[in-house]
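The values are calculated or read from the model by the stated rules, or taken from the named source; none is laboratory data. It should be emphasised that the depicted structure is a prediction, and the values quoted were computed from it without experimental measurement. Here Cβ is always computed from backbone atoms with ideal geometry, including for glycine, and neighbour counts include all displayed protein chains.
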Amino acid sequence: MSGEALLELRGVSVSFDGFRAINDLSLSLRQGEMRAIVGPNGAGKTTMMDIITGKTRPDTGVVRFAGHDLTKRDEAAIARLGIGRKFQKPTVFEALSVRDNLLLSLKGLRSPFALLFARETAEEAGRIDALLETTRLAPHARVQAGGLSHGQKQWLEIGMLLGQEPQLLLVDEPVAGMTDAETMATADLLRDINRTRSIVVVEHDMEFVRALGVGVTVLHEGSVLAEGALEAVSADPRVIDVYLGR
Amino acid sequence: MSERRRRVALLVLLGVVLAGAPAPSRAQTSDRTTSDAASPVDPFAGLTSPHFEAIAAAVGRLGAEGAPQAQAVLRALSAHHLFVAEDGGLYVREGESWTDARTGAPVASAPAGARMVRENNRVRGALAQAMAGQALLGGDAAARRDAAVRLADHPDPAMLPVVERALATPHEAGLDVPLQRARAAMLLSPGAPTTGEQAQSAAVRVLRDAGGLDARAVLARFAADEAAPAEARKAARRAIVTIDRRIRLWNLGQQVFYGLSLGSVLLLAAMGLAITFGVMGIINMAHGELVMLGAYTTYLTQKTLTAVAPGLAAFSLPLAVPVAFLVCGAAGMLIERGLIRFLYGRPLETLLATWGLSLVLQQAVRSLFGPTNVAVATPGWLAGSFQLGGLTITLDRFAIMLFAGAVMGAVLLVLRRTALGLQMRAVTQNRRMAALMGIRTARVDALTFGLGSGVAGLAGVAVSQIDNVSPNLGQGYIIDSFLVVVFGGVGNLWGTLAAAMTLGVGGKALEPLVGAVSGKILLLLLVILFIQRHPRGMFPLRGRGVES
Amino acid sequence: MTGGFAFRGVVRTAAAVLAIAALLALGSLLPQSTPLSVSPFVVTLAGKYLAYAMLALAVDLVWGFVGILTLGHAAFFALGGYAMGMYLVREIGARGVYGNPDLPDFMVFLSWKALPWYWWGSDHFVVAAVLVLAVPGALAALFGWLAFRSRVGGVYLSIITQALTYALMLAFFQNGLGFGGNNGLTDFKDVLGFDLHRPGTRAALLMISALVLAGAMLATRALVGGRFGRLLIAVRDAESRTRFLGYRPDQVKLLVWVVSALIAAVGGALYVLQVGIINPGEFAPANSIESVIWVAVGGRGTLSGAVIGAVLVNLGKTLFTAWLPELWLYGLGALFIATTLFLPQGLMGLGRHLVRRRAEVTPEITRPAGDAA
């Protein structure tokens, strides 16, 4: 599989009430690659994520992941194929403890009937402990997730993503609202995760993108404006035009 | 000779014999219309008889053949002013003065032993026919028209000469059609003179084009008459098929009218919700009770106006419109400020709290006005109906349709064209931004809710005209109203209109097929299924921000 | 409470239900003169309250734990009641007013000649028991499958559940449906050969109701207390997140919805056995909404609160309507308003609050995020 496209979007378009949110978008991601997606507000970043994760169905175009057609599947099926998504606004189950949040995320049981009689196994407990370590939330394991700080919630959500053991992570603005130190730690964490998984990061924060040191795709008005290394892309006059405005 | 012909002949004979006037020629030629008008018989003789049959026969002859003073006598008879004296003289009493009915000459003193000429249903029927005949020849335009229509609907070949005479004399254009109809119907009725196949076929065509149940009855009887020419009977049968098809179409149209009228009521009831629920997202389960308050406001307005200015009582309904709007609008603002604003962002709690409020309002009205219906009168100018082709349009339902349209137009105007409407939309779309721009969001909330509640009050005014005004009135509308709003697509007034009309017409369309209640059940289930398939209604708003 | 896993209270409440029911049942068997004697009227009332408590438990299961505010659960309750009522009507046999051994009185009155096909087998208790579960269960499964698959939620779902029970009410009012129309099913004589009017039968029915209710409480506690229960909370508070984790919230909701409908249906069957009548009024949307307020008063998402709320509110209704019937609707209305405004977590929340005050523990609480509307 290596070297071959893990995720591929070809000629994807979608419009809402006549407004073209995504316009003939094509994008391809290799197995094991990490890619940063940047673009001004309204460029179609979140809608693109919605299409990949099955929340929005494209009007036209091809969306394939590891040989599967994603346009015919719903969110749950796509998640089970191995795509994890982190939302811009951290979304965790606030009424549950940090540990229970991670327990629910663990790859495996998904049928409600199976869950009715399921008990937590030692193997699962071990996986949760490992995730707590990775996300530095071990001291808060029994705390209700609603009581965590903003940064901790972001990390918990990343932990839940890892619990799913996806092949591909879609991460929407992971460092929004984080301190500089947290931002750098998050960059480290993502690079660490990238050793075993592919990642798509949507981010505004150029410092963070620079810290990741990965290829960049610039979206504008629903299609790809430029693609390449950060230095090359930021020198592109079209990109400067879009970002600095006319 | 048909059964009826024989009866008529017998009747005439009886009348003549009883009147003591020998008229053998008349009795033998069973066909009265061919008898010569110059008969020496006293045309009024039958009226002096104590027997209703004789009186009726005499009346019929007066109508068909006329006589000097005939009109005055017929009028006197219908007004119970006609008397017969011991000597067989007929007199008309006007107050205390008497005139001889046969001559119209005044008499000095009251005639001896005068008794009133009595009437029964048969006499009254003959009287109406006869007066129509007289009116046709002597009345004003409207009376002539009414008379022609009556003669066409109750065709009696005896009246044929009158109609022929009316047709022969110059008459206004509008009178021609009913006269032709009357003539055709008479020609095809039993007892008509034999006119030949061609004339009968022409008459069939006239009736076919006229249509209606009366024409159909004449044609059916004619088609069943084996003595009639075969070709003309066949034409009559074809004409019946044509008429039936037309009647079915008009009936369908009538059903659609009923449906639209029901839809208008639904629209009125749902429009307030379309604002409070559709625009603001507030689940107001007390909405039905606001409609109920509107109806009770109408009742009180009417009662007050009748007490204060009885002459203006007929205008209590137009007066109730602004009053109900203000009363319910104020009540709505009170509800919003006192209850709902504490529950913003918690729709399900709002639902429960407003349900509680609806119970309180119901009980309050029950305590104040009693648990039974109060009577809201329908003003005279809303009673009755008019014909539109084959449609019967009842005025009250028609008025409600117009009213619903007007209210909808007004609401659209307020939402689209006023500063309040602009602020409303701004607040509902982005409350914080609106507040930052200096819009007093709390005030806008209260006013918006007040507007929706005021519109509910307007619905109450309309509902008071067609439904029982009782404390439970609101309960009957709340589920339907919510379904209409959701079915049409939340936040879309045109969707609400389409949904209300769909449900109204759909309900009326199902009614003849499965019955009223089953139709309603079926419709409810269909809407439930529809909402389950299309949760955002018929006209959904799409887009990224819509979800959740 | 943290989304509701500490359900020690459920066991205590279930035990209390059993104890009180046992006291009343035993008391009703004592001679009238003894001081602890209980009138049969009170036993019937208590039985009715417990049947309503089943309905409240069912509502709490879907509202408290999955965030579905149902306004139509009385439909399942009434359907269960009708299924049991059919059996009880057939048990009357030839002892009816018309003395027809095969047809219920109302069918004789409508001059029907034979039982409709859907009454087949209704003279067997086992068939009735199966119908009590099967009919409401099937309806709930169909309705839930359609609704949850299309992601109808929040108030929309509330509105169509209300429309559903309204439609059923209109249908059952019709004589032609074959369930006694306006009057419903009543005049029952006995069940499984036991005379329904004998104090012993009534006491036994009360005890059975208490046992069934306690069993249902423990079963729901097991359902919401385990790993599945955590998923329920997750679905309630952040449904779309569970989808992106690979769960199918529609299946989760459907499962709970059907279980809840079954609990309500059993409640309805117990109701008919003890109250002795079931009529279309039980489908009235107002009944469903009232059952929601029982849960709200007791405390949503606590199970115990639903039972306590149902009993207390209905006790209040009994007393009010006896003493001050005019004021009952004011009282009920005020209860709705006051509970939502001032007591969002119900009596259970109030109780916990007081307990915590006394223990001077800073509550580390985030309320479950309102309603997943």
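Candidates are the residues of region B:339-351 that are in contact (Cβ under 8 Å) with a residue 40 or more places away in the chain and surrounded by 21 or more Cβ atoms within 10 Å (Cβ to Cβ); the one that is farthest from the other protein chains (Cβ to nearest Cβ) is B:Ile340.
Here C:Leu170 clears all of (1) more than 14 Å from chain A (Cβ to nearest Cβ); (2) buried (at least 19 other Cβ atoms within 10 Å of the Cβ); (3) aliphatic (A, V, I, L, M) except the condition numbered (2).
Test A:Leu109 against the criterion of being within 13 Å of another protein chain (Cβ to nearest Cβ), in contact (Cβ under 8 Å) with a residue 12 or more places away in the chain and not polar (S, T, N, Q), and give yes or no. No: the conditions fail for A:Leu109. Being at the interface with chain C (Cβ under 7 Å from one of its Cβ atoms) and touching a residue at least 24 places away in the same chain (Cβ under 8 Å) is the filter; apply it to region B:353-364 and report the residue that is nearest to C:Glu290 (Cα to Cα). Restricting to residues being at the interface with chain C (Cβ under 7 Å from one of its Cβ atoms) and touching a residue at least 24 places away in the same chain (Cβ under 8 Å), the top hit is B:Trp355. The condition (being modelled with pLDDT of 90 or more, surrounded by 22 or more Cβ atoms within 10 Å (Cβ to Cβ) and over 27 Å from C:Gly215 (Cα atoms)) is satisfied by just one residue among C:Pro280, C:Pro249: C:Pro280. C:Phe244 - would you say it is farther than 30 Å from B:Val484 by Cα, touching an Asp or Glu at 6+ places or on another chain (Cβ under 8 Å), away from chain A (no Cβ under 14 Å) and of a type in the set (Phe, Trp, Tyr)? The answer is no for C:Phe244. Each residue in region B:512-537 was checked for being in contact (Cβ under 8 Å) with a residue 40 or more places away in the chain and within 14 Å of chain C (Cβ to nearest Cβ), and 6 of them qualify.
All conditions but one from (1) within 29 Å of C:Phe188 (Cβ to Cβ); (2) buried (at least 24 other Cβ atoms within 10 Å of the Cβ); (3) at pLDDT 95 or above apply to C:Lys48; the one that does not is (2).
Of the residues screened, B:Gly174 is not one that is surrounded by fewer than 23 Cβ atoms within 10 Å (Cβ to Cβ) and either basic (Lys, Arg) or on the phi > 0 side of the Ramachandran plot (or both).
For region C:136-151, the set of residues classified as hydrophobic (A, V, I, L, M, F, W, C) and buried (at least 18 other Cβ atoms within 10 Å of the Cβ) consists of C:Leu139, C:Ala140, C:Phe143, C:Ala147, C:Phe148, listed by residue number. Here is the figure for region C:298-340: residues that are over 15 Å from B:Leu359 (Cβ atoms) and assigned to a helix (DSSP H, G or I) total 16.
Among the residues here, A:Arg64 does not qualify as out of contact with any strand residue (DSSP E or B) (no Cβ under 8 Å at 6 or more places or on another chain), away from chain C (no Cβ under 14 Å), surrounded by fewer than 21 Cβ atoms within 10 Å (Cβ to Cβ) and not acidic (Asp, Glu). Restricting attention to region C:201-241, the residues that are away from chain A (no Cβ under 14 Å), polar (S, T, N, Q) and buried (at least 19 other Cβ atoms within 10 Å of the Cβ) total 1. Just one of the numbered conditions (1) surrounded by fewer than 22 Cβ atoms within 10 Å (Cβ to Cβ); (2) free of Cβ contacts under 8 Å to residues at least 24 places away in the same chain is not true of A:Glu75: (1).
If only residues of region B:353-385 that are of a type in the set (A, V, I, L, M), modelled with pLDDT of 90 or more and part of a helix (DSSP H, G or I) are counted, the one that is nearest to the chain's Cα centre (by Cα) is B:Val365. Of everything in region B:282-327, what is at pLDDT below 95 and among the charged types (D, E, K, R)? Give them in sequence order. Within region B:282-327, just B:Lys303 meets the criteria. Tell me yes or no: at least one residue of region C:127-149 is touching a helix residue (DSSP H, G or I) at 6+ places or on another chain (Cβ under 8 Å), closer than 28 Å to B:Leu352 by Cβ, assigned to a loop (DSSP other than H, G, I, E, B) and of a type outside the set (Val, Ile, Thr). For region C:127-149, residues touching a helix residue (DSSP H, G or I) at 6+ places or on another chain (Cβ under 8 Å), closer than 28 Å to B:Leu352 by Cβ, assigned to a loop (DSSP other than H, G, I, E, B) and of a type outside the set (Val, Ile, Thr): absent. Could you look through region B:376-393, keep only residues that are within 19 Å of B:Ala462 (Cβ to Cβ) and touching a residue at least 24 places away in the same chain (Cβ under 8 Å), and pick out the one that is nearest to the other protein chains (Cβ to nearest Cβ)? Applying the filter and picking the extreme gives B:Val376.
Could you tell me whether region B:490-510 includes any residue that is more than 10 Å from every other protein chain (Cβ to nearest Cβ), in a loop (DSSP other than H, G, I, E, B), modelled with pLDDT of 90 or more and crowded, with 19+ Cβ neighbours inside 10 Å? Checking region B:490-510: not a single residue is more than 10 Å from every other protein chain (Cβ to nearest Cβ), in a loop (DSSP other than H, G, I, E, B), modelled with pLDDT of 90 or more and crowded, with 19+ Cβ neighbours inside 10 Å. Within the option set B:Phe403, B:Phe325, being of a type outside the set (S, T, N, Q), surrounded by fewer than 22 Cβ atoms within 10 Å (Cβ to Cβ) and away from every other protein chain (no Cβ under 12 Å) holds for one residue only, B:Phe403.
Tell me whether region A:81-95 contains one or more residues that are touching a residue at least 40 places away in the same chain (Cβ under 8 Å) and more than 12 Å from chain C (Cβ to nearest Cβ). Yes: region A:81-95 contains one or more residues that are touching a residue at least 40 places away in the same chain (Cβ under 8 Å) and more than 12 Å from chain C (Cβ to nearest Cβ). Within the set C:Ala74, C:Ala114, C:Ala78, the sole residue that is of a type in the set (A, V, I, L, M) and surrounded by fewer than 24 Cβ atoms within 10 Å (Cβ to Cβ) turns out to be C:Ala114. Only one of the listed residues (B:Gly263, B:Gly211, B:Gly278, B:Gly259) is touching a residue at least 40 places away in the same chain (Cβ under 8 Å) and in the same structural domain as B:Val149 (by TED's automatic domain parsing). That residue is B:Gly211. Only one entry in B:Ala456, B:Ala516 is closer than 20 Å to B:Met333 by Cα and out of contact with any Lys or Arg (no Cβ under 6 Å at 6 or more places or on another chain), namely B:Ala456.
Reported count of residues in region A:50-61, each being crowded, with 19+ Cβ neighbours inside 10 Å, more than 10 Å from chain C (Cβ to nearest Cβ) and of a type outside the set (Val, Ile, Thr), is 2.
Taking the numbered list (1) outside any strand (DSSP E or B); (2) more than 14 Å from chain C (Cβ to nearest Cβ) in turn, A:Thr46 passes all entries but (2).
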